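**Student:** This is the structure I want to talk about, given as structure tokens.
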Amino acid sequence: MTDPRLAVIVLAAGQGTRMKSSRAKVLHPLAGVPLIGHVLATARELAAAHVIVVVRHERDAVSAAVLDLMPEATLVDQDEVPGTGRAVELGLNALPSGFDGDVVVVSGDVPLLDAGTLASLVEAHRRAAASATVLSAMVGDATGYGRIVRDASGAVLRIVEQKDATDDELTILEINSGTYVFAVAALRSELPRLTTGNAQGEKYLTDVIGMLRTAGQLIDAVPAPEAWMVEGVNDRVQLAATAARLNAMIVRGWQLAGVTVQDPATTWIDIRSSLAEDVELLPGTHIAGATSVARGARIGPQTTLVDCEVGENATITRSDATLAVIAAGASVGPFAYLRPGTELGEGGKIGTFVETKNAKIGAGSKVPHLSYLGDVTIGEGTNIGAGGVTANYDDIAKHATVIGSHVHTGVHNVFVAPVTIGDGAKVGAGAVIRKDVPPGALAISVAPQRNVEGWTEKNRAGTASADAASRAITEGTD
């Protein structure tokens, strides 16, 4: 149920220069979702009535991603005035004038902060009737973070940024996570009074805490259960560390749900993927995107599935697949490459060194090895011999091949599309099929074999091949 007295402002305007990337920091992927996607998912779970996202750097790309992930979010552009205080001020202006609840402020680059922790923060804030409540954390090394400064009784006095801290304040190990809950009235009264008179020339949101304290308002700070929950992602090193931590939690969750993961350290599962009980994942497996894997399927080792659907008891070994559907009891690999549009029917097989693209392969049909099948529809119970190729591109357009049910093709067949092979037909080895084959027919394209005797001795005189041929001929006439 939506909380009408709760709003969330997501700060996503920063440039993120330490990422050293042309991509906005909040759009870097984590477990298959942009960093900001995790923050928006938390905001949605928090059931706030209003979610406002403040953008600036790579504005169009960030805005498009936000609206794709949360169409109901409100986008606000940060102006030329720098600082988190200004960002929140602009976000606040987007709230309805009659809103009189609490405002949660979160950063778009803190992906592991969960809705349960935020809900507890809001509850503590309301229980204390505080004007502002800070989510803090205790760390072993506070370098780079703003510090929570308390008085002798433990009450929060202010937050001081690293560059503005005294030597004594730099020894404080309780840090500001950058996540807050404010009574909206407190923000409306204090944000207009912020200035840029500090070491970085920015409007600090943290200054509001000291201003409220000076005004006699109650300020609270609640430590997060674990410091890693509030860690931001500022560079590629932190992104990798966060990805590893999140993946470990995802893998453990699936293990507890009945999935066998032989080697959690080399298994990666995206957050949008789903696995059924008794699925088995072998080492080096990556389950990516919105992939779903049904009960009893066995995936890996060294396999990547992106946005795929895998049926019950299917097996996929040392293969890559994207936007493919593998039905129950089917098998893929090893060393198969399934491109988008591949559909393998129940009990079917795509075998070793086979590439498929936009290929519909019926139940029980097999493509055992060394084939390329693109833009093809195959019926049931058909066997494609080794080296089968659909020649689907004529340098101008793609064309389709249709192979019926219970067809048996030979080795090294080329099907020059558009062409149709009827049900029950047979294709001889080495045939190049340029015309439709009627049902039940045998298609062959065999030229008479011609042997030109003495060719090697005449045309390759002095080579090892010519010498070997000469010896063999001499021995054969003795």
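**Student:** Given the conditions (1) free of Cβ contacts under 8 Å to residues at least 24 places away in the same chain; (2) surrounded by fewer than 20 Cβ atoms within 10 Å (Cβ to Cβ), report the number of the one that L344 does not fulfil.
**Tutor:** Unmet condition: (2).
**Student:** Kindly provide the set of residues from region 73-95 that are modelled with pLDDT under 95 and of a type in the set (V, I, T), ordered by number.
**Tutor:** Within region 73-95, V81, T84 qualify.
**Student:** Can you spot a residue in region 54-65 that is closer than 26 Å to E202 by Cβ, buried (at least 23 other Cβ atoms within 10 Å of the Cβ) and either more than 17 Å from the chain's Cα centre (by Cα) or among the aromatic types (F, W, Y) (or both)?
**Tutor:** Looking through region 54-65, at least one residue is closer than 26 Å to E202 by Cβ, buried (at least 23 other Cβ atoms within 10 Å of the Cβ) and either more than 17 Å from the chain's Cα centre (by Cα) or among the aromatic types (F, W, Y) (or both).
**Student:** Okay, next question. What is the number of the single condition among (1) under 38 Å from the mean Cα position of the chain (by Cα); (2) modelled with pLDDT of 90 or more; (3) of a type outside the set (G, A, S) that Q162 does not meet?
**Tutor:** The number of the failed condition is (2).
**Student:** Right, another one. Give the number of residues within region 347-370 that are crowded, with 20+ Cβ neighbours inside 10 Å and either aliphatic (A, V, I, L, M) or not assigned by TED's automatic domain parsing to the domain that holds T409 (or both).
**Tutor:** The qualifying residues number 5.
**Student:** Residue under question is Y145, and the condition is that it be free of Cβ contacts under 8 Å to residues at least 60 places away in the same chain and surrounded by 17 or more Cβ atoms within 10 Å (Cβ to Cβ); does it hold?
**Tutor:** For Y145, the condition - free of Cβ contacts under 8 Å to residues at least 60 places away in the same chain and surrounded by 17 or more Cβ atoms within 10 Å (Cβ to Cβ) - is met.
**Student:** Step by step: first the residues of region 179-222, then only those that are among the β-branched types (V, I, T) and within 35 Å of the chain's Cα centre (by Cα), then the one that is farthest from Y145 (Cα to Cα). Which residue is that?
**Tutor:** V181
**Student:** Still on this structure, please answer the following. Is at least one residue of region 15-25 over 29 Å from I287 (Cβ atoms) and part of a strand (DSSP E or B)?
**Tutor:** no
**Student:** Would you tally the residues in region 277-302 being among the small types (G, A, S), in a loop (DSSP other than H, G, I, E, B) and closer than 23 Å to A243 by Cα?
**Tutor:** 4
**Student:** G362 passes all but one of (1) under 22 Å from Q302 (Cβ atoms); (2) touching a Ser or Thr at 6+ places or on another chain (Cβ under 7 Å); (3) of a type outside the set (A, V, I, L, M, F, W, C); which number fails?
**Tutor:** (1)
**Student:** Same structure, new question: Does region 188-209 hold any residues that are small (G, A, S) and under 24 Å from L95 (Cα atoms), and which are they?
**Tutor:** Listed by number, the list holds a single entry, S189.
**Student:** Would you tally the residues in region 303-333 being part of a loop (DSSP other than H, G, I, E, B) and among the hydrophobic types (A, V, I, L, M, F, W, C)?
**Tutor:** 7
**Student:** Confirm whether G85 is surrounded by fewer than 22 Cβ atoms within 10 Å (Cβ to Cβ) and either farther than 30 Å from D270 by Cβ or hydrophobic (A, V, I, L, M, F, W, C) (or both).
**Tutor:** The answer is no for G85.
**Student:** Does region 217-233 include one or more residues that are of a type in the set (S, T, N, Q) and in the same structural domain as E174 (by TED's automatic domain parsing)?
**Tutor:** yes
**Student:** Another question, if that's okay. Looking at G410, G422, G385 in this structure, which one is within 16 Å of I361 (Cβ to Cβ) and modelled with pLDDT of 95 or more?
**Tutor:** G385
**Student:** Examine region 296-310 for a residue that is of a type in the set (S, T, N, Q) and closer than 26 Å to A363 by Cβ, and state whether such a residue exists.
**Tutor:** yes
**Student:** Related question: Need the failing condition index for A152 against (1) under 31 Å from the mean Cα position of the chain (by Cα); (2) surrounded by fewer than 21 Cβ atoms within 10 Å (Cβ to Cβ), just the number.
**Tutor:** Condition (1) is where A152 drops out.
**Student:** Give the residue that is farthest from H408 (Cα to Cα), with candidates limited to residues of region 445-465 that are surrounded by 13 or more Cβ atoms within 10 Å (Cβ to Cβ) and in contact (Cβ under 8 Å) with a residue 12 or more places away in the chain.
**Tutor:** Filtering region 445-465 for residues that are surrounded by 13 or more Cβ atoms within 10 Å (Cβ to Cβ) and in contact (Cβ under 8 Å) with a residue 12 or more places away in the chain, the one farthest from H408 (Cα to Cα) comes out as E457.
**Student:** What number of residues within region 54-111 are small (G, A, S), assigned to a loop (DSSP other than H, G, I, E, B) and over 23 Å from D3 (Cβ atoms)?
**Tutor:** Total satisfying the criteria: 1.
The values are calculated or read from the model by the stated rules, or taken from the named source; none is laboratory data. Since we're looking at a predicted model, the values are computed, not measured. No Cβ is skipped: glycine too gets one built from the backbone with ideal geometry, and neighbour counts run over all protein chains shown.
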